[in-house]
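Working notes for the structure below.
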Amino acid sequence: AEQARETQAARKERDRVWGEKHREDTDEQLLSYVKAVASDLGQTPRKSEVIGGEYICKRIGSWALICTLAELPLPKELKPPKRKELLQYLNSHNQEE
């Protein structure tokens, strides 16, 4: 468990650093990056399998929402995002443009 915690801390730090480098990226760029990782893996990645996954969740929302927006099949353990979450994201996103 200690090693897992350490790994989680290291991953959070790695994702934070990645996030700083990609702060200027649009949500579309972040979603296409997640799609590219999925393509490389041959399956929808879990958040922990994506460098920057923590950052992308902070920016966009739940991992289920990110997979849905990226048009990727949800990993088995995830439930689809709530309609409210999806609508909130889409509404806030459409007002920016």
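For the chain, calculate the relative contact order in percent as a whole number, restricting contacts to Cα pairs under 8 Å that are 6 or more residues apart. Could the numbers behind the result be given before it?
Numbers: 68 pairs, mean separation 24.1, N = 97.
Reported as a whole number, the value is 25 percent.
222 nm [θ] for the chain, helices only, -39500 (n - 2.57) per DSSP H run of 4+, per residue, to 500? It would help to have the intermediate numbers written out before the result.
On the way: 5 runs with 64 residues, N = 97.
Computed ellipticity for the chain at 222 nm equals -21000 deg cm²/dmol.
Pairing the Cα long axis of helix 2-21 with the longest principal axis of the chain, what angle in degrees results, from 0 to 90 and rounded to the nearest 10?
That works out to roughly 50 degrees.
If R₀ is 22 angstrom, what is the calculated FRET efficiency for the pair ARG5 and CYS57, using the beta carbon separation as r and rounding to 0.05? Can you show the working numbers first?
On the way: r = 19 Å, r/R0 = 0.87.
Between ARG5 and CYS57 the formula returns 0.70.
Mind pulling the angle between the C-alpha long axis of helix 27-41 and the longest principal axis of the chain? Nearest 10 degrees, somewhere in 0 to 90.
In the chain, helix 27-41 runs at an angle near 50 degrees to the longest axis.
Per residue, how large is the accessible surface of region 5-97? Use a 1.4 angstrom probe and give square angstrom. Display every interim value, and only then the final one.
Numbers: 6270 Å² over 93 residues.
With the other protein chains kept in place, region 5-97 gives 67 Å² per residue.
If I compute solvent accessible area with a 1.4 Å probe over the protein chains, what percent of it on the chain is carbon and sulfur? Could you put the intermediate results ahead of the total?
Numbers: 3400 of 6690 Å².
That share works out to 51 percent.
How big is D, in µm² s⁻¹, for the chain by Stokes-Einstein at 25 °C and 0.890 mPa s if Rh is the Kirkwood radius over C-alpha pairs? Let's see the in-between values first.
Details: Rh = 14.1 Å.
Roughly 174 µm²/s, to the nearest whole number.
State to the nearest 20 debye the size of the charge dipole of the chain about its Cα centre, where the only charges are +1 on K and R beta carbons and -1 on D and E beta carbons. Please report the intermediate quantities before stating the final value.
Details: 17 positive and 17 negative charges, 86 e Å.
Taking the Cα centre of the chain as origin, the dipole is about 420 debye.
The values are calculated or read from the model by the stated rules, or taken from the named source; none is laboratory data. The shown structure was predicted, so the numbers you read here are calculated from the model rather than taken from an experiment. Glycine gets a Cβ as well: all are built from the backbone with ideal geometry, and neighbour counts include every protein chain shown. Areas reflect the complete protein model, heavy atoms only, side chains present, ligands, DNA and RNA absent. Shrake-Rupley method; radii C 1.70, N 1.55, O 1.52, S 1.80 Å.
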